[in-house]
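Below is one structure, written out as structure tokens, with a few remarks after it.
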Amino acid sequence: MNIQEIRSWLAETDPDRLEELWDRADRVRRETMGDRVFLRGILEISNKCSRDCHYCGLRAGNSRLARYTMTEEDILDGAILARQLGLGTVVLQAGEHPGLDARWIAGIVRRIKDEAGLVVTLSLGERNIDELELWKRAGADRYLLKFETSNPALFKHIHPGSQTTGHTRIELLKQLHLLDYEVGSGFMIGIPGQTYDDAANDLLLLKRLDVHMIGNGPFIANPDTPLGNTPRGQVPNTELMTYKIMALTRILCPGSNIPSTTALGTVNTQCGLELGLQRGGNVLMPNLTPAKYKKLYAIYPTPLRDITDAAQLVAAVKERILCIGRTIGTGPGVSRSFMQQRQHHNEVPHD
Ligand code: 5AD
């Protein structure tokens, strides 16, 4: 699919044509990934952040937010709970903060591998190569780093303090590949300033970077940030646009794991997650962060959630998957694209 075709799908409004897009994405998903939906347990281990990203409620400049870092034991308990609930992967997510000591994280990764036997995904922002390497050696399997937008000028505008040349995160994503991580990325849909061309380029960049996990979620305005007002024009941050992007992502990157994101589940609490799974998605990420911390991980405003018990939450998520005729994935749920990359590397003779 070329950039013109992508752009015309992004602008499509005809319901019959859109049905064709959903059907095509669902068919590609079924043929490449099957019917299983994999679950990843998220632990939001710290909301401290030294960056000032214009869209995010965790930004350092937001003094309205009380800050926390979970204790090592809380994190281990969360991982063991994930294991007990039958999840194959735990995702440790935090703001970007040098106070989150790299050796401390490495020790936790090692303990999770030893004591819970889970696949470990880290999502701790832009860290240096030595740290990423240390964590890989400690046993981390995957790293999530969203590039948010492929447009370098827009990236710099919404990420004050980023380096003046190039695109920091795109460079880091390439390094993560070289370190043999299974690599996750994605962008925000409808971030103010994002044009249709930008969104089409965002999709093509995912393909070019050969990203193994792709979480593209709608931008949700947070009143405690500089981008707190409803965005004007350009790519709309709507539910419909999110489905179009999910479907196009599946068609462009057939072997990647694609979650229905929490942000999509926030925009449509009734059936957003299900529709995402029917339009390209094959992963859900239930949030296992203890309730006392979860309310402080306030990236954007979320409706009050009634289910706080992790076991009940996972049971409800599984029910939602079964209700749309899909099955529950067990084990690590490695992406097809990562397995193919591995095979390819092994076939290349080493000297
Ligand atoms: N709306 C939607 N998504 C957001 N994120 C951060 N702020 C917002 C927002 N206001 C997403 C970004 C980030 C991830 C942790 O959450 O993609 O990488």
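If each DSSP helix of 4+ residues adds -39,500 (n - 2.57) and the sum is divided by the residues in the chain, what number results at 222 nm, nearest 500 deg cm²/dmol?
So the helix-based figure for the chain works out to -13000 deg cm²/dmol.
Using Cα pairs under 8 angstrom and six or more residues apart, how large is the relative contact order of the range 161-226, in percent?
Computed value for the range 161-226: 38 percent relative contact order.
Evaluate the distance, in nm, between pseudo-label points positioned 7 Å from the Cα of Thr308 and of Asn268 along their respective Cα→Cβ axes.
3.0 nm
Starting from the eigenvalues of the Cα gyration tensor, five times each then square-rooted, give me the equivalent ellipsoid semi-axes of the range 94-249, largest first, whole Å.
Rounded to whole Å, the semi-axes are 29, 17, 15.
Could you give the distance between the Cα centres of the range 205-230 and the range 61-106, to the whole Å?
Going from one Cα centre to the other spans 21 Å.
How much length is gained if the chain between Asp101 and Asp23 is pulled fully straight, taking 0.36 nm per residue apart and subtracting their Cα-Cα distance, in nm to one decimal?
Result for the pair: 23.5 nm of gain on full extension.
Quick one: give the max-minus-min coordinate of the C-alpha atoms of the chain along each principal axis, largest first, in Å.
Principal extents (Cα only, largest first): 54, 53, 44 Å.
Report the local net charge at Leu87: Lys and Arg +1, Asp and Glu -1, summed over other residues whose C-beta lies under 12 Å from its C-beta.
With Lys, Arg at +1 and Asp, Glu at -1, the neighbours total +3.
Calculate, in nm to one decimal, what Asp180 and Ala315 gain on full extension: separation in residues at 0.36 nm each, minus their alpha carbon distance.
Length difference between fully extended and current span is 45.3 nm.
So if I place +1 on the C-beta of Lys and Arg and -1 on the C-beta of Asp and Glu, and nothing else carries charge, what would the dipole magnitude of the chain be about its Cα centre? I want it in debye, nearest 20.
Result for the chain is approximately 320 debye, rounded to the nearest 20.
Using a 4.7 Å cut-off between beta carbons, which cysteines in the chain end up with no partner cysteine at all?
Cys with no partner Cβ under 4.7 Å: Cys49, Cys253, Cys271, Cys323.
Hey, which of these cross-link pairs are over 32 Å Cα-Cα: Lys156/Lys318; Lys244/Lys294; Lys48/Lys174; Lys48/Lys113?
Over 32 Å apart, Cα to Cα: Lys156/Lys318.
Under the rule a/c < 1.5 gives rounded, and otherwise a/b versus b/c splits prolate from oblate, where does the range 21-125 land using the Cα gyration tensor?
oblate
With the crude spin-label approximation of a point 7 Å out along Cα→Cβ, what separation in nm comes out for Arg110 versus Ile3?
4.8 nm
Between Leu296 and Ala66, with labels modelled 7 Å along Cα→Cβ, what's the label distance in nm to one decimal, could you check?
Each label point lies 7 Å from its Cα, and together they span 0.7 nm.
Give the separation of the Cα centroids, the range 1-42 to the range 151-181, in Å.
After rounding, the separation between the Cα centres reads 27 Å.
Which residue, chosen from Leu122, Leu92, Ala298, occupies the Cα position most advanced towards the positive end of the dipole of the chain, where the dipole is computed from +1 (Lys, Arg) and -1 (Asp, Glu) charges on Cβ about the Cα centre?
The residue sitting farthest along the positive end of the dipole is Ala298.
Which trypsin sites (Lys or Arg not before Pro) from the range 41-84 combine a DSSP loop assignment with at most 10 other Cβ atoms within 10 Å?
Answer by residue number: Arg64.
Where a number appears in this text, it was derived from the coordinates with a stated rule and is not lab data. For clarity, every value in this text was computed on a predicted model and none was experimentally measured. Neighbour counts are summed over all protein chains in view; Cβ atoms, including those assigned to glycine, are modelled from backbone coordinates with ideal geometry.
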